[in-house]
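Some notes on the structure that comes next.
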Amino acid sequence: MRIAHLAAAFLLTGCGRGDQPAAAEQSTEAQARAATTLATYAGEGRNRLCLDERAGRAAFITYGQGDTNCTVQASVQRAGSAATLIPDGDETCRIELTTAGGTLRLGPASPACAYYCGPSASFANAEFRRTPQPQPVTDVAGDPLC
């Protein structure tokens, strides 16, 4: 009888271990799918933008002189082919986002969005081209924006 209990214990233990690689593989696959939903774009100089259509999120940084910049992390609202970026926690600032092929263009900068830019920096009409592989998009301190 003890042998039967030991055999059952080994079988149950073996089944549990057999599930672990499958869970790890599923986790890796989920991470790979999540990574492919993020598209990154490079603009003039150090200007960068990231867009995650599935999550409805975007972020960008554009530079003026030196390290003066505009930095925005936002939700994306779609209406057909048009999109609007709405900075986190700020319903008054709205930034148009247009797409043409692999290029994204930000719209004009309204006075409601001035808070996001330092002196000599602007995001108005900035263009970004999609990068072949996702790249880090970071703020001036090196912290990730997306």
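The values are calculated or read from the model by the stated rules, or taken from the named source; none is laboratory data. Everything quoted here is computed from the prediction, not taken from an experiment. For neighbour counting, all protein chains shown are included, and Cβ atoms are generated from backbone atoms with ideal geometry for every residue, glycine included.
Values as computed for the structure displayed
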item: Residues of segment 99-146 classified as in a loop (DSSP other than H, G, I, E, B) and not aliphatic (A, V, I, L, M), total; result: 21
item: Criterion violated by GLY66 - all others in (1) of a type in the set (Gly, Ala, Ser); (2) assigned to a strand (DSSP E or B); (3) exposed (fewer than 14 other Cβ atoms within 10 Å of the Cβ) satisfied; result: (2)
item: Condition broken by ARG78, with the remaining ones in (1) at pLDDT below 95; (2) in contact with a helix residue (DSSP H, G or I) (Cβ under 7 Å, 6 or more places away or on another chain) satisfied; result: (2)
item: GLU96 more than 12 Å from LEU51 (Cα to Cα), not in a strand (DSSP E or B) and not hydroxyl-bearing (Ser, Thr, Tyr); result: no
